[in-house]
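Engineer: Here you go, one structure.
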Amino acid sequence: MRLLLVFFMVHTIFIPCFSFDVSGKDLPLTLEYYKSTCPTVFDVIKKEMECIVKEDPRNAAIVIRLHFHDCFVQGCDGSVLLDETESLQGEKKASPNINSLKGYKIVDRIKNIIESECPGVVSCADLLTISARDATILVGGPYWDVPVGRKDSKTASYELATSNLPTPEEGLISIISKFYAQGLSVEDMVALSGAHTIGMAQCRNFRSRIYGDFRVTSALNPISETYLASLRKICPASSGEGDSNVTAMDNVTPNLFDNSIYHTLLRGEGLLNSDQEMYTSLFGIQTRRIVSKYAEDPVAFFEQFSKSMVKMGNILNSESLVDGEVRRNCRFVNT
């Protein structure tokens, strides 16, 4: 895989941008899949994502998370976008999704524009994969080439959405096993978790952390104590109270895609248990080393994040490749 390193200006600082030459030799995906059928698709998505992220920088994290949750269930096949119907149980109400996933209207908005230009050509799965890449770039993250040619599934899996997706309070070994099940390594896991540098979390997902071992991992640092006090104001101890209140997972540069989240973990201030475990868990010998590397070397983080996003985006649904479709509306199977 050939790596091209270029630099571009974001927020008055230089951010490295990585471009990967993805041949697609072993996958039914190519960089030029839409060259003759919808040559403007990448430009259309880029332009619309620029508007969407400008409207609210948090939309970048929302789209990336949506892509992640799609790929971990049946592969990257757009199944997470399907609404529930009488004949189909969707994934949106599964416990890892119901309180954390948004962005469906963003997908609808982009899909409507693409359908007006290239009806019935671009799959929702490809749309979401491209959008996640563009979202990353727009908040200062790296570029990578996105191979396309995915088909949309005609099915969803509530069961797999419930079991396959890592949860905020999950232990390190369990999370590693879930990434391995998708063909993703420990290095992929730590790099992809770096997307939390632009993410928001709800009180329900970090309550146990800030009323649990936060003081232990942050070593009673006075500055950390101030941060903890502010988190407890956002998130009361009582379950059910303020559950949907949100705060940034990276409290230093919440709208900039950088390696700040790893510095947060070094300080023991990770908002989610699942993130902090990568540095402080007794089982985290390998993950601790990787976290330290990315904290010291933002270029190494960007390089691996790009590779890992391509790798995750190449998790395919073999059934949809054979019997899939291009949905006209991402929420429903074609009739």
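The values are calculated or read from the model by the stated rules, or taken from the named source; none is laboratory data. Predicted model only: the values in this text are computed from it and were never measured. We place every Cβ from the backbone using ideal geometry, glycine too, and count neighbours over all the protein chains shown. Heavy atoms of the whole protein, side chains included, go into the accessibility calculation; ligands, DNA and RNA do not. Shrake-Rupley method; radii C 1.70, N 1.55, O 1.52, S 1.80 Å.
Engineer: When region 115-129 is examined, which residues are found to be in a helix (DSSP H, G or I) and either modelled with pLDDT under 95 or crowded, with 24+ Cβ neighbours inside 10 Å (or both)? Don't jump to the end; show me each part of the working.
Structural biologist: Keep residues of region 115-129 that are in a helix (DSSP H, G or I), which gives 115-117, 124-129.
Hits for region 115-129 are 124, 125, 126, 127, 128, 129.
Engineer: Still on this model: Could you please tell me which pairs satisfy a Cβ distance under 7 Å, a separation of 6+ or placement on different chains, a first residue in region 273-295 that is assigned by the TED database to the domain that holds residue 191, and a second residue that is surrounded by fewer than 20 Cβ atoms within 10 Å (Cβ to Cβ) and among the acidic types (Asp, Glu)?
Structural biologist: 273/169; 274/169; 274/170; 290/187
Engineer: Take the residues in region 81-99 that are open to solvent by 10 Å² or more (accessible area, probe 1.4 Å) and not polar (S, T, N, Q), then tell me which one is farthest from residue 329 (Cα to Cα). Even if it seems obvious, please write down each step before you answer.
Structural biologist: Quick first cut of region 81-99, residues open to solvent by 10 Å² or more (accessible area, probe 1.4 Å) only: 83-89, 92-93, 95-96, 98-99.
Remaining after also requiring not polar (S, T, N, Q): 83-84, 86, 88, 92-93, 96, 98.
Values: 83: 10, 84: 14, 86: 17, 88: 15, 92: 16, 93: 19, 96: 24, 98: 21 Å.
My answer is 96.
Engineer: Looking at 304, 276, which one is under 30 Å from residue 149 (Cβ atoms), modelled with pLDDT of 95 or more, of a type in the set (S, T, N, Q) and not in a strand (DSSP E or B)? Break it down stepwise before answering.
Structural biologist: Working: 276 fails: under 30 Å from residue 149 (Cβ atoms).
It is 304.
Engineer: Exactly one of these conditions fails for residue 301: (1) in the same structural domain as residue 79 (by the TED database); (2) over 23 Å from residue 82 (Cβ atoms). Give me its number.
Structural biologist: (1)
Engineer: How about region 81-105: which of its residues are closer than 20 Å to residue 315 by Cβ and in a helix (DSSP H, G or I)?
Structural biologist: Selection gives 81, 96, 97.
Engineer: Considering only region 60-80, how many residues are open to solvent by less than 20 Å² (accessible area, probe 1.4 Å), part of a loop (DSSP other than H, G, I, E, B) and not hydrophobic (A, V, I, L, M, F, W, C)?
Structural biologist: 3
Engineer: Could you check region 99-124 and list, in sequence order, the residues that are under 14 Å from the mean Cα position of the chain (by Cα) and either at negative phi or without any contact (Cβ under 8 Å) to a residue 12 or more places away in the chain (or both)? Step through it out loud before you land on a result.
Structural biologist: Pass one, region 99-124, residues under 14 Å from the mean Cα position of the chain (by Cα): 100-103.
Passing the criteria: 100, 101, 102.
Engineer: Out of the residues in region 255-295 meeting the condition of being under 30 Å from residue 52 (Cβ atoms) and aromatic (Phe, Trp, Tyr), tell me which one is surrounded by the fewest Cβ atoms within 10 Å (Cβ to Cβ).
Structural biologist: Selected residue: 294.
Engineer: Now a separate question. Quick check on this structure: which one of 149, 140 is in the same structural domain as residue 316 (by the TED database), in contact with an Asp or Glu (Cβ under 8 Å, 6 or more places away or on another chain) and farther than 21 Å from residue 28 by Cβ?
Structural biologist: Numbers: 149 fails: farther than 21 Å from residue 28 by Cβ.
It is 140.
Engineer: Hey, another quick one. So, of the residues in region 183-195 that are surrounded by 21 or more Cβ atoms within 10 Å (Cβ to Cβ) and more than 15 Å from residue 172 (Cβ to Cβ), which turns out to be farthest from the chain's Cα centre (by Cα)?
Structural biologist: It comes out as 191.
Engineer: Which members of region 138-168 meet the condition of being assigned to a helix (DSSP H, G or I) and farther than 27 Å from residue 56 by Cβ?
Structural biologist: Step one: filter region 138-168 for residues assigned to a helix (DSSP H, G or I), giving 138, 158-164.
Across region 138-168, the qualifying residues are 158, 159, 160, 162, 163, 164.
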